[in-house]
Each structure stands twice: as structure tokens, then as C-alpha cells.
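Asker: Structure below; questions to follow.
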Amino acid sequence: MGSYTLKSIGKASDYMTILRDTDDGFVVRIVRDKDGYDEITTDFISKALFDSCIRTGYLTKIADSEQKLAVNA
């Protein structure tokens, strides 16, 4: 489906993976590095908000080779 890095302050390796595509948007899994442990949440993001995040650079597509590492982490 696709994985994206989240723009963050510092060296955090936060990323988001699209789990499911719906008519209104996407169900996503967000993994954030919180002081050495992963905080994992599942949420919904509308297509309009997703497109805005891509345009502004808040989300950046992860290359396929990096995506396999992120999903298996």
C-alpha cells in the first residue's frame, strides 16, 4: 500500500503505513519513536488531508527497499 516518513524534529524515525484505502480516505498505522520505544496507533486520515501533507512535505514516500524494513520493524 505504501509507507511514508513523518516530518519531525530531531532524529526521530517516525513513519506511517497505509493499511486500507476507503472511499473517504485511508486507515493508517503510525509508528513514533518515544524515548526509545515505539508508540503505535491506528487512525483514519482523509484523502484531502493526506494530499495536503504530501504537498507540504510533512509526509515523504519511503522507497520500496526502505519500506520493507519499516514494515518489518
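Just so you know, all these numbers are worked out from the coordinates, no wet-lab data involved. For clarity, every value in this text was computed on a predicted model and none was experimentally measured. Because the Cβ atoms are built from the backbone with ideal geometry, glycine has one as well, and the counts that use them run over all protein chains shown.
Asker: Rounded to the nearest 20 Debye, what is the dipole magnitude of region 1-64 about its Cα centre when Lys and Arg each give +1 and Asp and Glu each give -1 at the C-beta?
Answerer: 200
Asker: May I pose another question? Starting from the Cα of ILE18, step 7 Å along the direction of its Cβ; do the same at ILE40; then give the gap between the two resulting points in nm.
Answerer: That separation, rounded to one decimal, is 2.1 nm.
Asker: Another one. Using the basic label-point model (7 angstrom from Cα toward the beta carbon), what is the ARG29 to LYS61 distance in nanometres?
Answerer: 2.1
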